[in-house]
1. Report every pair of residues separated by at least 6 positions or lying on different chains whose Cβ atoms are under 8 Å apart, first residue within segment 181-196 and more than 16 Å from Pro11 (Cβ to Cβ), second at pLDDT 95 or above and polar (S, T, N, Q).
2. Part of a helix (DSSP H, G or I), under 27 Å from Ala25 (Cβ atoms) and modelled with pLDDT under 70: which single residue out of Arg232, Arg259 fits that description?
3. List the number of the failed condition for Gly77; all other conditions in (1) out of contact with any Lys or Arg (no Cβ under 6 Å at 6 or more places or on another chain); (2) modelled with pLDDT of 75 or more; (3) within 13 Å of Trp28 (Cβ to Cβ) hold.
4. Out of (1) modelled with pLDDT of 85 or more; (2) assigned to a loop (DSSP other than H, G, I, E, B), the odd one out for Thr140 is which?
5. Those residues that are part of a loop (DSSP other than H, G, I, E, B) and of a type in the set (Lys, Arg), I need them from segment 46-80; list them, please.
6. For segment 81-93, which residues satisfy the criterion of being buried (at least 20 other Cβ atoms within 10 Å of the Cβ) and assigned to a loop (DSSP other than H, G, I, E, B)?
7. How many residues, within segment 102-134, are surrounded by 17 or more Cβ atoms within 10 Å (Cβ to Cβ), at pLDDT below 85 and among the aliphatic types (A, V, I, L, M)?
Amino acid sequence: MASLRPFHWHPFAAYLYLLHLDGSALAWEYLRRHPDYGVDWHRHRHKSPCRAARWGLRLLEDPARDARDAYPDWLDGPALVQLHPDADPAPNARPFRLWDIPGHKQLHQVDARLRLSIRAPGRSARLALAPTLHDGLAYTQTQPNTQAVRGTQARNAPLGELTDARARGLALERPSADALLELHTLQALDGHLAGASAQEIARAMFGPRPDDWYADGGLRSKVRRLLQRGQRLMAGDYRHLLQIRPLEQGRLLRKPNDRAQNARHS
């Protein structure tokens with residue numbers, strides 16, 4: 001059975017990149033750990049029918065690639081900002097220059113349109129590029145249900161934020177409590193998938209605290225909640241990070257009252 005086997009889950013530093021991921025990238029981090037997803041990927045590589053829609057994807061992505069290198073194409077993911085050439089640019093219109101955008105960039109083609117994924121510290125953007133857009137052209141950018149925004153007015157749009165000179169030197173804010181929760185959840189889940197006990201996970205993540213391990217509501221309870229949360233997200237609740245409706249059938253379906261009860265304990 002093909003699955004992700006995270007044996008090297010102990011170093012805390014290996015998970016720091018999780019602090020700056022958006023909902024789409026976090027959803028992928030949970031999905032790629034699902035053993036059955038690994039099975040489907042293995043079968044797909046051997047020419048079996050693609051079962052991507054089962055997981056909310058258009059195409060299966062290699063589960064060995066983490067969110068820094070993988071760009072899964074979600075069926076109902078966040079709407080992409082679309083860049084088009086500006087047919088009537090202002091005199092001071094900002095041109096589209098790919099290499100002036102700071103951060104890690106990756107181009108990939110989906111149907112007839114290029115998609116540009118950008119990740120910079122504390123920022124990320126996913127853009128759809130019109131086939132007629134070339135480097136150096138003034139551009140407009142649109143989002144579903146919004147009007148076009150020209151390059152000179154794109155300050156609050158994803159590309160405008162990433163190309164703003166002030167943004168390049170902006171110090172990163174302290175990680176939020178939600179970001180730290182995702183980091184701890186995924187590290188604990190990896191320890192569980194690698195076969196570690198809850199106590200071993202606690203020692204690796206929080207250091208030796210034997211007195212606290214047996215206390216009610218202490219470290220033992222904390223690790224148990226992290227593991228329960230990670231297993232729920234891996235099993236299908238990662239879709240909530242994308243605001244995708246749950247599957248209508250199958251073993252990943254969970255009753256609404258169960259989700260509400262688990263939310264109170266996470």
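1. His192/Gln231
2. Arg259
3. Every condition holds for Gly77 apart from (2).
4. The number of the failed condition is (2).
5. Answer for segment 46-80, where residues must be part of a loop (DSSP other than H, G, I, E, B) and of a type in the set (Lys, Arg): Lys47, Arg51, Arg58, Arg65, Arg68.
6. Asp86
7. Within segment 102-134, residues that are surrounded by 17 or more Cβ atoms within 10 Å (Cβ to Cβ), at pLDDT below 85 and among the aliphatic types (A, V, I, L, M) number 6.
The values are calculated or read from the model by the stated rules, or taken from the named source; none is laboratory data. Since the structure is predicted, the reported quantities are computational estimates derived from the model, not experimental observations. Positions of Cβ are generated from backbone atoms using ideal geometry, with glycine treated the same way; all protein chains shown enter the neighbour counts.
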